[in-house]
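Working notes, structure below.
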Amino acid sequence: MQNKTKFMGKKVFIIATMGLFSGDGTGCSARLLAKCGAEIVGGLHLKMPDCIGDEKALKKTIEENKIIVKQAYIKIKKSANSLKNGHATQEGIGFLYHIAGLFGQRIWFYGKTKNYSDKLKINTEKCIGCGICTQLCPMKNLSIVDGRAVQNGRCTMCYRCISNCPQQAIALLGKNLYEQCKIEKYI
Ligand code: SF4
Ligand code: SF4
């Protein structure tokens, strides 16, 4: 009940990041927020460096990622100017985007990713139990037991813990960590 009115009367502009294709990334959030009372004024899709740090095939060079971030910055500036002039960008919002997101992404990826909620691999020899990952996980999926991190089957594959573990002790899709992705590296 509380969530249903949380955004009541608020105008919301949604930004969704993507690796290659976002379908209706902003649209998904728009539908949820609208249910909580938000008035969705617009949306923007931004290509960003891929955060999946243990899949070598997805990795780009630092220089390539810097260009991607620079282009995102230009796109944000353009969109902000447009918003100031009363024309909010509508990327990801609307029926056609919804269909693109459904068939181009969710139907295919849902089957692939739903089995990963308990597949996080924590290297207990490397883990020092610092607890950084437990504080960063938005799903409260991680806890420290006997001085080591353990996962509790609620992972949504956001890669926050993987990118921030000082011991590089966590992986998900691959076995090795190729890059810990943080925006500071690309600006
Ligand atoms: S951040 Fe890394 S080292 Fe620290 S508790 Fe988590 S897995 Fe262990
Ligand atoms: S990948 Fe994200 S959701 Fe999964 S355990 Fe790490 S921080 Fe939590």
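The values are calculated or read from the model by the stated rules, or taken from the named source; none is laboratory data. Since the structure is predicted, the reported quantities are computational estimates derived from the model, not experimental observations. Reconstructed Cβ throughout: ideal geometry from the backbone, glycine too, with neighbour counts over all protein chains shown. Remember, those area values only see protein heavy atoms, side chains included, never the ligands or the DNA or RNA. Shrake-Rupley method; radii C 1.70, N 1.55, O 1.52, S 1.80 Å.
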Within region 1-84, trypsin sites (Lys or Arg not before Pro) in DSSP loop having at most 13 other beta-carbon neighbours inside 10 Å: LYS6, LYS10
Rounded to 5, percent antiparallel among DSSP beta bridges of the chain: 40
Can you find, among GLY86, ALA34, ILE14, the residue sitting farthest towards the positive end of the charge dipole of the chain, where Lys and Arg contribute +1 and Asp and Glu -1 at Cβ? GLY86
Pair-distance profile P(r), taking every C-alpha pair of region 117-181, with 5 angstrom steps and integer %: 4, 21, 35, 28, 12, 1
Taking the Cα centre of the chain as origin, sum charge times position over the Cβ atoms of Lys and Arg (+1) and Asp and Glu (-1), and report the length of that vector in debye to the nearest 20. 360
Taking a cut-off of 16 Å between Cα atoms, list the aspartates and glutamates near LYS60, but don't count ones fewer than 8 places away on the same chain. ASP50, GLU179, GLU184
What is the ratio of the Cα radius of gyration of the chain to 2.2 N^0.38 Å, with N the residue count, to two decimals? 1.15
Could you rank ASP50, ASP24 by how accessible they are, 1.4 Å probe, largest area first? ASP50, ASP24
Charged-residue dipole, Cβ positions (Lys, Arg, Asp, Glu), region 117-181 about Cα centre, Debye nearest 20: 120
Counting only DSSP loop positions in region 92-146, the trypsin sites (Lys or Arg not before Pro) whose Cβ has at most 13 other Cβ atoms within 10 Å are LYS126, LYS140
Using DSSP to call loops (not H, G, I, E or B), can you name the chymotrypsin sites (Phe, Trp or Tyr not before Pro) in region 1-51 whose Cβ has at most 13 other Cβ atoms within 10 angstrom? PHE21
Gaussian network model of the chain, Cα springs within a sub-10 Å range: biggest mean-square fluctuation belongs to which of LEU142, LEU32, LEU102? LEU32
